[in-house]
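Structure, as structure tokens:
The values are calculated or read from the model by the stated rules, or taken from the named source; none is laboratory data. All values derive from a computational prediction rather than experimental measurement. Methodologically, a virtual Cβ is constructed for each residue, glycine included, from the backbone with ideal geometry; neighbour enumeration extends over all protein chains shown.
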Amino acid sequence: MNEMFIFTGILFIYLLAVVGNLIIIALVCAATQLHTPMYFFLCNLSSIDVIYVSAILPKMLSIILTGNKMITYFGCIIQLYFFMFCAITENCILICMAYDRYVAICSPLHYSLIMTKKLCLIIAMSYLIISAMNSLILTLLISTLSFCYSQKINHLFCELLPLMALSSINIRTMKIILSVANIFGSSTFIFILTSYIRIISSVIKIRSTKGQRKAFSSCSSHIITVLLFYGPGTFEYVKPQSEDSKEQDKILSMFYVAVVPMLNPFVYSLRNKEVLGAARKM
């Protein structure tokens, strides 16, 4: 009974995440008023969220349904690769969206000259290549670790920290992996934070209250997404690892691989008049 309840809950989250994000993609592609840099990156974010949940949740549902908790070594490595690819790409997309809001608010007269279609396509291709290469390097480093003492992953899926915890050797390799992950994660967050400090300083200078509200409103959805994405992930990777924190880690990981992709379409649609307007016209 308990397993069926969990299965139903995860299936509901998965379907809601996939359908919600596919609707956002369809709206952005179909509605000409949404053919802007901000919605281009939103469409990218929704695409990555679909891959994110599809890389993790179907296997989880299969385990609950069949009771078979086994995963092949190759299957685990593939799942790890797609998990890291989606996480890194989402980091990059959130940076691009922060930069887009920065240019729109701090340099509105130059916005159309800076955020061109060509630049957006170049940026998108760049972060996809960077994400693919970084994920491949990290996955190859993980594959060099020895798992001779235990092959039982105390986690819901193949993630970086639980796999590293299984290896009692290759300490240098593990330090390199953690350093790369922490440097990348912290640098992207600092970039977003710096962008918003400059945005806030520009908004404060706007004399009309209506103008300030409009400026903050255009950033609110992105701020919520940033907090939802970075909050649980940062807490899991920064806090000290112990046996007592394993169950907590499982809840946190479910939040950023399932709940956040499910919530993103609602965050960007319920608070956005342009998206709601496009939905009504379809």
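For region 57-107, filtered to residues that are more than 16 Å from Thr194 (Cα to Cα) and charged (D, E, K, R), the residue that is nearest to the chain's Cα centre (by Cα) is Glu90. Annotation note: of Val28, Val19, the sole residue that is out of contact with any strand residue (DSSP E or B) (no Cβ under 9 Å at 6 or more places or on another chain), within 22 Å of Asn272 (Cα to Cα) and without any contact (Cβ under 8 Å) to a residue 12 or more places away in the chain is Val19.
The residue of region 253-273 that is modelled with the highest pLDDT, among those that are of a type in the set (S, T, N, Q) and in a helix (DSSP H, G or I), is Asn264.
Which one is nearest to Leu94 (Cα to Cα), of the residues in region 169-206 that are basic (Lys, Arg) and at pLDDT below 75? Working first, answer last.
Here is the first cut: in region 169-206, the residues basic (Lys, Arg) are 172, 175, 198, 205.
From what's left, at pLDDT below 75: 172, 175.
Values: Arg172: 31, Lys175: 26 Å.
Checked region 169-206; the qualifying residue nearest to Leu94 (Cα to Cα) is Lys175.
Among the criteria (1) more than 15 Å from Val257 (Cβ to Cβ); (2) modelled with pLDDT of 90 or more; (3) over 12 Å from the mean Cα position of the chain (by Cα); (4) buried (at least 20 other Cβ atoms within 10 Å of the Cβ), the one Ala17 does not fulfil is (1).
Restricting the first member to region 184-211 and to residues that are free of Cβ contacts under 8 Å to residues at least 24 places away in the same chain and within 16 Å of Ala98 (Cβ to Cβ), and the second to residues that are among the hydroxyl-bearing types (Ser, Thr, Tyr) and in a loop (DSSP other than H, G, I, E, B), no beta-carbon pair is closer than 8 Å while six or more apart or on different chains. Any residue in region 57-64 that is free of Cβ contacts under 8 Å to residues at least 40 places away in the same chain and in contact with a Lys or Arg (Cβ under 6 Å, 6 or more places away or on another chain)? So far as region 57-64 goes, yes, one or more of its residues are free of Cβ contacts under 8 Å to residues at least 40 places away in the same chain and in contact with a Lys or Arg (Cβ under 6 Å, 6 or more places away or on another chain).
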